[in-house]
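Novice: Structure incoming, see below.
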Amino acid sequence: SQIRAGRVRALALRTMSRPTAPYREGAVIRWVRDFVAVTPSVLLREDRDGNLELRRRGVPRSRAPLVFNAHMDHPGFRVVGSRRGRNAVRIDALFLGGVRREYFAGARARFFESDAEGAPGVPARVVEARPDRQSGGLRVRLEARRPVAPGALGMWDLPACRVETRPGGTRLVGRVADDLAGLAAILALFERLDAIDPGRRVDVRAALTRAEEVGFVGALAIASARRLPEGARVIAVEASKALPHAPQGAGPIVRVGDRSSVFDDGLTRWVDAVAGDLSSARRSFRYQRRLMDGGTCESTAYQQYGYRTTGVCLPLANYHNMSERGTIAAEAIELSDLVGLVRLFEGMVRRDDECPRRGRVDPMRKRLDALYRSSRDELRRDPFA
């Protein structure tokens, strides 16, 4: 059976509405816990660093599990302190994550003291932003109408998440898509894994990481501590800046590399083959295969610690809330791209046994060997005869 588009949209709306920031992913973690609590086929484990691992109940552990990785944070604020002034409350905060300084002047933020779904938050306006050497981020001064507790997280004052229908398609628009859209796609897959793989033969896992926006620290914790089996096949799931050669609406992207690395050849080729066959079988399925070199993703982190990795991503508008107009704006993804990403995950699970493993001969090598054998006699003839 196939995962329904309506369910993907519903999960995305709930997931992408959670406030989050580096080291302040509590609302997202709480949502994942709630999801697992009503999904009997899924097990949840939290490591000492707050990263989450999802596993299938009743499925034997494999030496080479298929691991979908997404991060739970987004660039955002952390309150250092606040005090009352003559006309307004002054809030001092750190901003962590990749947003250029020129976007801050006069921009509006919202601070959340509660993890409760739909919490209104406290609105504020940026007065000043300057580099902070100690954190590597920005030290930001804001004004608000009331104090905010130290440690509270803040995001840009944008809608949580909404559906926007246009003549060209349907978009999900809100303060965060990177990478809660990737998380939503993984949750949609896990909700239906027993229907996709009724024999429970595939060891599918999810690694949901913290603090990616400040140097994929959560992924480094997993990789350096060898919390995944040595033979794990890690698929980093991202929302990456849409590019002229990687537009929105043309389907999810099989990512051959990022700005720092080229990913595992055999693993990437397998994902591409699954996507290509889906495209041939269903006209509605579209995908892209691209080098997305706008930044470095968690695949590179895992790869540096010896894991086999590749990546998939969604084309993203207003990456890190930075619009082309130079103002803070809502991030947006195309719903069709998101549904296509889940369909791709589904295809990967169904064809897991075709994925090249360490110690096995790659199917590409088998084809090349056959090509050489069929041409060897001709090749050895005298070229001058």
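The values are calculated or read from the model by the stated rules, or taken from the named source; none is laboratory data. What you see is a predicted model; the values in this text were computed from it and never measured. We place every Cβ from the backbone using ideal geometry, glycine too, and count neighbours over all the protein chains shown. Side chains included, ligands, DNA and RNA excluded: accessible areas come from the protein's heavy atoms. Shrake-Rupley method; radii C 1.70, N 1.55, O 1.52, S 1.80 Å.
Novice: Kindly indicate which of Gly76, Gly6 is crowded, with 16+ Cβ neighbours inside 10 Å and more than 15 Å from the chain's Cα centre (by Cα).
Specialist: Testing whether each residue is crowded, with 16+ Cβ neighbours inside 10 Å and more than 15 Å from the chain's Cα centre (by Cα) leaves just Gly76.
Novice: Further question: Any chance you could count how many residues in region 357-384 are closer than 30 Å to Val202 by Cβ and either not in a loop (DSSP other than H, G, I, E, B) or not β-branched (Val, Ile, Thr) (or both)?
Specialist: 13
Novice: Say whether the condition of being in a loop (DSSP other than H, G, I, E, B), on the phi < 0 side of the Ramachandran plot, crowded, with 19+ Cβ neighbours inside 10 Å and at pLDDT 95 or above is met by at least one residue in region 129-143.
Specialist: Among the residues of region 129-143, not one is in a loop (DSSP other than H, G, I, E, B), on the phi < 0 side of the Ramachandran plot, crowded, with 19+ Cβ neighbours inside 10 Å and at pLDDT 95 or above, which makes the answer no.
Novice: Is it the case that some residue within region 161-170 is open to solvent by 60 Å² or more (accessible area, probe 1.4 Å), touching a residue at least 12 places away in the same chain (Cβ under 8 Å) and more than 21 Å from Tyr23 (Cα to Cα)?
Specialist: yes
Novice: Take Leu187 and tell me if it is open to solvent by 50 Å² or more (accessible area, probe 1.4 Å) and either among the small types (Gly, Ala, Ser) or not in a strand (DSSP E or B) (or both).
Specialist: No, not satisfied.
Novice: Got a number for residues in region 144-159 being in a loop (DSSP other than H, G, I, E, B) and either among the β-branched types (Val, Ile, Thr) or surrounded by 15 or more Cβ atoms within 10 Å (Cβ to Cβ) (or both)?
Specialist: Looking only at that region, the number is 5.
Novice: Right, next: Within region 281-296, take every residue that is of a type in the set (S, T, N, Q) and assigned to a loop (DSSP other than H, G, I, E, B) and give me the one that is least open to solvent (accessible area, probe 1.4 Å).
Specialist: This residue is Thr296.
Novice: Here is a list of conditions, (1) more than 24 Å from Val262 (Cα to Cα); (2) in contact (Cβ under 8 Å) with a residue 24 or more places away in the chain; (3) open to solvent by less than 20 Å² (accessible area, probe 1.4 Å), and Ser323 meets all of them except one; can you say which number that is?
Specialist: So Ser323 meets the others, but not (2).
Novice: Find all pairs meeting these conditions: Cβ atoms under 6 angstrom apart; at least six residues apart or on different chains; first residue within region 28-45 and under 17 Å from Ala12 (Cα atoms); second residue modelled with pLDDT of 95 or more and in a loop (DSSP other than H, G, I, E, B).
Specialist: Val28/Arg18; Val28/Thr20; Val28/Met72; Trp31/Arg18
Novice: While we're here: Kindly check whether there is at least one residue in region 297-311 that is in contact with a strand residue (DSSP E or B) (Cβ under 8 Å, 6 or more places away or on another chain) and in a loop (DSSP other than H, G, I, E, B).
Specialist: Yes - at least one qualifying residue is present in region 297-311.
Novice: Take region 336-385 and flag every residue that is surrounded by fewer than 10 Cβ atoms within 10 Å (Cβ to Cβ), more than 35 Å from the chain's Cα centre (by Cα) and not hydroxyl-bearing (Ser, Thr, Tyr).
Specialist: Matches in region 336-385: Arg373, Arg376, Asp377, Glu378, Leu379, Arg380, Arg381, Asp382, Pro383, Phe384, Ala385.
Novice: Go over the candidates Leu11, Leu96, Leu54, Leu66 one by one and state the one that is buried (at least 18 other Cβ atoms within 10 Å of the Cβ) and farther than 27 Å from Gly340 by Cα.
Specialist: Leu96
Novice: For region 318-356, give me the residue count where each residue is touching a helix residue (DSSP H, G or I) at 6+ places or on another chain (Cβ under 7 Å), assigned to a helix (DSSP H, G or I) and at pLDDT below 95.
Specialist: 1
Novice: Now, a different point. Examine region 265-275 for a residue that is more than 20 Å from Ile333 (Cα to Cα) and small (Gly, Ala, Ser), and state whether such a residue exists.
Specialist: Within region 265-275, one or more residues are more than 20 Å from Ile333 (Cα to Cα) and small (Gly, Ala, Ser).
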